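Step one of this worksheet: look at the structure below.
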Amino acid sequence: MSSTSAPLSAPLAARAGRAGRLAGSPTLSFIVRRLLAAIPVLFGVTFLSFVVMNSLPGDAAQELLGAQATPAEIHQLEIKLGLDKPFLTRYWDWLHQAVIGHLGHSLSSGQSVASILGSDLPVTFELVGFAFVISLALAVPLALVSARKPNGVADRLSMMFSMAGLSIAPYVLALVLVYVFAVKLNVLPAIGWVPPGQSVSQNIRYLILPAVSIGLGLLCFYTRLLRADLLGQMQGEDYVVTARAKGVRPWRVLTRHALRNSLFGLITVVALNLGTLLGFTVVIEDIFGIPGIGHELLQAIDNRDIPVIEGIVFVFAVIVVLLNLAADVLYSVLDPRIRYGRPTE
Amino acid sequence: MADLPSDLVVAGVAPAADEAAVAKAGGWWRGRLGVTVPAVMVAFIFGLCFIWPIIGPVPPPTGGNILNASLPAFSPGHFLGTDPVGNDEWSRLLYGGRASLEIALAVQAIGLILGGLIGAVAGYLGGWRDATIMRVLDVFIAFPGLVLAVAIAQGLGPSELHTIWALSFFSVPASARISRAATLQLREQTFMTAARLSGTSFPRMVLGHIAPNILPQLLTYALLGMGIIMILEGALSFVGLGVPPPAPSWGNMIAQGQSTISADPRYVFLPSAALFITVVSFNLLGEGLRARWVTQ
């Protein structure tokens, strides 16, 4: 891999316009190598999902026409939808269209896949984004209070809370929240969704329970992560010793010096979670009846709607690959002690 | 090379950045109790789910009499009551836990052996072979597991075995990444060079020298992952995979209880509580063990 990326990285860097000195930077060649390596991954993911969907009994034509359809009718529709072509031909057709940005049309509704993604992705993004805001906004103060006095009362309480939160399944939390806030107290809606364009306050009201269901686990994960990192910084780092020696008070060292460093580490993890989380929202969307991308995906699998599935899988894979890369790069850029130029030598 | 953040997040565990420093700071929980208490809890749960139904007076979890449907808790003979079709709820909890634990154990064992070997081989060989293996694993990590799970459910039908297959797609790559990272750290050690120079064969290097050294670390992550797998097993019940009813698993009991939550939340809360307590026990045990070996 490195032999092919070396000649490629130079012109790419020059085109990026950022000073030529970057061209030889190990970080840049790391990025280029990873991006090149991502191409076969994307190829593999889309091909794998094609194989999986094709190995299922029934196809879109059958699902569209229902159980009563005669084989002749099904065959006709298959020809119309292009499902009669050999498997590899269909994958090739999809692939070379996808490369130039055409994700095709849904087999069941005829809608373009791009427009389906365009209407459903924002819903899921809003849900996940909201969950992130809640979790980060609470994780930072919790971790700071914990790290101020390790093994103190506040620390023990917050560690107990975060262990509990990490151990509760998001769907269990969702059902408990629905029972308490929708069934018993009747203060928040149990299911449904209002687009923000219609009413922002209603939109948020409907989002609270699902977002908390997803966000609590994240909150606990981040709290523990940040606390561990803060303690590590406070105990070992030279800059902390220097600050303390200058007479900066411990709380200020924690919030001004250590936190700043630890947050960098957290950013990389947040970037990573975002990718995996998009997959986990499916069950939450199902419980709360939210018309997001997970809901669409389940429907598409039921309908054997391969273009829609491929579109979603492709977009997800791109997001995951890019976020993984961003996380590992951020990790090295923000912490100059880590270098990817020459791994393990 | 340091642990990449992506390795840890894929494995679903918080990095142990400073466990050693914290352990030095003391705290009774970090001591022996931190391992013993959760270990006893886990043993107790296993005993309840696997041994008690054999030796104790536990009615069968399925085939209950419909005339006994929805009995309240503490009814004679049914101390947690019965479900809407008349099965004993306590028995369903025990047998459900058995299914959930079996699935999680099998998935983690597959992950540990297969993923551990793949990661160790990749990390030891390095170079283009390492890159190729890791890219193939990336495909599985980037592949939405849910598509696979639903596809398996619709193509092969839901069953305990199919659930194990679907979940292994999470555990194998995760375990492989941890194993590779651990192998990379090991590779440059003197004893490895010595073994290599004395002409040790490749299988012997991996199985005899790398495996015993990375095993404690892998086992700890496998324990920490038990909880996640049990949670995922339940999630699969919501999308039609998982253990097919009427046989119980904690996941499918929760998913089924969803429809009656406003009338009788017990059917959600009981299996949820069991799942929660079990996951907490595994997480505490994993944390305790990890703190221990990081300190050493």
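Please treat every number below as a calculation from the coordinates, not as lab data. Bear in mind the structure is a predicted one, so any value in this text is a computation, not a measurement. Positions of Cβ are generated from backbone atoms using ideal geometry, with glycine treated the same way; all protein chains shown enter the neighbour counts.
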Which Cα, out of B:Gly288, B:Phe269, B:Ile254, lies furthest along the positive dipole direction of region B:154-296 (beta carbon charges, K/R +1, D/E -1)?
B:Gly288
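Assuming 1.306 mPa s and 10 °C, estimate D for region A:199-250 with Stokes-Einstein, Rh taken as the Kirkwood radius over Cα pairs, in µm²/s. Before the final figure, lay out each step's value.
Working: Rh = 14.0 Å.
It diffuses with D of about 113 µm²/s by this estimate.
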Interchain or sequence-distant (5+) residues whose placed amide H lies within less than 5 Å of the amide H of A:His105 are A:Val113
Can you tell me the alpha carbon radius of gyration of the protein assembly as shown divided by the globular rule-of-thumb value 2.2 N^0.38 Å?
1.00
Bin width 10 Å, alpha-carbon pairs only: give the P(r) of region A:82-166 as whole percents, running from 0 to the bin holding the largest distance.
14, 25, 16, 13, 16, 13, 3
Cα-based helix-to-principal-axis angle, B:33-46 vs chain B, degrees rounded to 10
50
Order the peptides A:180-192, A:131-143 from the highest to the lowest mean number of other Cβ atoms within 10 Å of their residues.
A:131-143, A:180-192
Roughly how compact is region A:27-160, stated as its Cα Rg over 2.2 N^0.38 Å to two decimals?
1.71
16 Å cut-off, amide nitrogen to a point 7 angstrom out along A:Val318 Cα→Cβ, residues in region A:29-68:
A:35-36, A:38-47
Compute the relative contact order of chain A as a whole-number percentage, counting only Cα pairs closer than 8 Å that sit 6 or more residues apart in sequence.
25
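Residues with beta-carbon under 15 Å from that of B:Phe238, excluding B:Phe238: net charge, scoring Lys, Arg +1 and Asp, Glu -1? Let's see the in-between values first.
Numbers: positive: none; negative: A:Glu285, A:Asp286, A:Asp302, B:Glu233.
So the environment of B:Phe238 carries a net charge of -4.
Give a quick list of chymotrypsin sites (Phe, Trp or Tyr not before Pro) in region B:225-296 that DSSP marks as loop, anything other than H, G, I, E or B, with at most 12 other Cβ atoms within 10 Å. Present the calculation step by step, with values, prior to reporting the outcome.
Working: sites: B:Phe238, B:Trp250, B:Tyr267, B:Phe269, B:Phe276, B:Phe282, B:Trp293; in loops: none.
Passing both the DSSP loop test and the Cβ count: no residue.
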What residue among A:Pro86, A:Pro26, A:Pro122 has the largest mean-square fluctuation in a Gaussian network model of chain A, using Cα springs under 10 Å?
A:Pro86
With Cα coordinates, the longest principal axis of chain A makes an angle with the long axis of helix A:153-167, in degrees rounded to 10, of 10
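If you take the C-alpha gyration tensor of region B:161-292, multiply each eigenvalue by 5 and take the square root, what semi-axes do you get, largest first, in whole Å?
Working: eigenvalues 344, 51, 15 Å².
The answer is 42, 16, 9 Å, longest axis first.
Shape verdict for region A:90-243, please, from the Cα gyration tensor: rounded (a/c under 1.5), prolate (a/b greater than b/c) or oblate. All intermediate terms of the calculation are to be shown ahead of the outcome.
Values: a/c = 2.94, a/b = 1.59, b/c = 1.85.
It is oblate, given that a/c is not under 1.5 and a/b is not larger than b/c.
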Classify chain B: rounded, prolate or oblate, from the alpha-carbon gyration tensor (a ≥ b ≥ c, eigenvalue square roots; a/c under 1.5 rounded; otherwise prolate if a/b is larger than b/c)?
prolate
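By its C-alpha gyration tensor, with a ≥ b ≥ c as the square roots of the eigenvalues, how is chain A shaped: rounded for a/c under 1.5, else prolate for a/b larger than b/c, else oblate?
On the way: a/c = 2.91, a/b = 1.36, b/c = 2.14.
It is oblate, given that a/c is not under 1.5 and a/b is not larger than b/c.
Over chain B, calculate the relative contact order: mean separation of alpha carbon pairs under 8 Å at least 6 apart, over the residue count, as a percent. Each step should come with its number before you reach the end.
Working: 417 pairs, mean separation 75.2, N = 296.
Dividing the mean separation by the residue count of chain B yields 25 percent.
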Histogram of C-alpha separations across region A:120-160, 5 Å bin width, %
5, 23, 19, 14, 12, 10, 9, 5, 3, 0
Working from Cα positions, state the angle (0 to 90°, nearest 10) between the long axis of helix A:306-334 and the longest principal axis of chain A.
20
Amide H contacts under 5 Å for B:Thr82, placed H, 5+ residues apart:
B:Ser70, B:Leu71, B:Glu89
From the helices alone, meaning DSSP H stretches of at least four residues, give me the mean residue ellipticity at 222 nm for chain A, per-run term -39500 (n - 2.57), in deg cm²/dmol to the nearest 500.
-24500 deg cm²/dmol
